[in-house]
Amino acid sequence: MWATSRRLTLAFLFVAGPAATAEPPPIEVAIHPLPLAAPLDARGAELSGLAWCGDDLVLLPQFPRDALFAIEKAAIRAALASGDDTLLTARLIPFEAAALREQISDFEGFEAVAFHKGHAYFAIESESRGRMSAWLVRGHVEDGCATIQLEMETAVEVPLPVQIFNMAIEAMTIAKDQVLVFFEANGGKLVTEAQIQAFDLDLKPVGLHSMPAVEYRLTDATGVDATGTFWVSNYLWPGERRLLQPTADAFAERFGVGASHQGSATVERLLPLSITESGIGAADRPPIYLALDPEAGRNWEGIVRLDDAGFLLVTDSHPTTMLAFVPDPAS
């Protein structure tokens, strides 16, 4: 039952299937880069999230300089259809965050954004003397995403399940008028039970939902579709293996891994999760593995669905700022 309470313990719907060797490995999907015009073409743009505001794709910088960025869906569709290297130009959304940076001590930037019913919801990270903190704040959206005005009185701290260096709330989605936020590190050796924290639309805490253990970093989430399915971006940079302590990966054990992943310590994939009246668990379809770049891992920090065609992903500064389309093999 999807109900509101101080604690909501929901069924873990994922049942491990055959080992990776019992089935052919999943097909890997190549990304299709979408070149960005200045200023988003610079590595210093440091984007940390994506979300749809109507038909505008909003790109969230970790450290906004008085503005967020938006690209029209029609322009993205046209760029994909043309197949050429036309640069996508973003318009500015005025966004004043100086007061928030003063209110939250040791501010470390914005990490995620979601839009719902005329409001924007933001996740923020802070760090003081090695101790991580996370916050949520709501903003009022005006004139079809022309401006976003932060509502400072809504800011609320989000308890973290465990202290891990540079790990806090990295992803969010909204379902049934609940803002669902995800800790970045949900592996079996790091947390006793992986959980999603839930808030109402006024950012009052309403409880916890259980979720499958997800090894490696969980970096963003899409919106929830009509079937209750949403996707999360899942990344491992080999340099963080000791920090994240990955253990048995239920998704890989059931579905296998892509060809380039079999010879690499890097992981870049999209995982499907499902919300039902019974709980939150892994959807009954395989992950989407991205064909790896042999030269460098790509730190995918933002994800949205592009209708039924596939996904749009964005990196932060590693290895550079990159917007890309990933087709859905099931489409």
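Taken together, the values in this text are just the output of simple stated rules run on the coordinates, not laboratory data. Since we're looking at a predicted model, the values are computed, not measured. All Cβ positions, even for glycine, are placed from backbone atoms using ideal geometry, and neighbour counts span all protein chains on display.
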(request) Please name whichever of Phe115, Ala283, Thr86 sits farthest to the positive end of the charge dipole of the chain, dipole taken about the Cα centre and charges placed at Cβ: Lys and Arg +1, Asp and Glu -1. (result) Ala283
(message) Using a 10 Å cut-off around each Cβ, can you sort Trp135, Trp52 from fewest to most neighbouring Cβ atoms?
(response) Trp52, Trp135
(request) Return the sequence-ordered ³J(HN,Hα) values of region 40-50 in whole Hz as given by the Karplus equation 6.51 cos²θ - 1.76 cosθ + 1.60 applied to θ = phi - 60°, using x for Gly and Pro. (result) 7, 6, 8, 4, x, 4, 6, 6, 10, x, 9
(request) Could you tally the net charge around Leu236, taking each other residue with its Cβ under 11 Å from the Cβ of Leu236, Lys/Arg +1 and Asp/Glu -1? (result) -1
(request) Name the lysines eligible as straight-distance cross-link partners of Lys117: C-alpha to C-alpha under 20 Å, and not fewer than 8 places from it in the same chain. (result) Lys73, Lys176, Lys204
(request) Rank Gln197, Gln163, Gln62 by mean-square fluctuation in a GNM of the chain with C-alpha springs under 10 angstrom and give only the top-ranked residue. (result) Gln163
(request) Would you give the gap between the C-alpha center of region 83-135 and the C-alpha center of region 157-223, rounded to a whole Å? (result) 17 Å
(message) Kirkwood Rh and Cα-based Rg: tell me the resulting Rg over Rh for the chain, rounded to two decimals.
(response) 0.94
(request) For region 109-124, just list the computed ³J(HN,Hα) in residue order, Karplus coefficients 6.51, -1.76 and 1.60, θ = phi - 60°, integers in Hz, with x standing in for Gly and Pro. (result) x, 7, 10, 7, 8, 8, 10, 6, 6, x, 10, 10, 10, 10, 9, 10
(message) Quick check: pseudo-label points 7 Å beyond the Cα along Cα→Cβ at Ala78 and Asp55, how many nm apart are they?
(response) 1.2 nm
(message) Helix-only estimate, please: 222 nm mean residue ellipticity of the chain, summing -39500 (n - 2.57) across DSSP H runs of length 4 or more and dividing by its residues, to the nearest 500.
(response) -2000 deg cm²/dmol
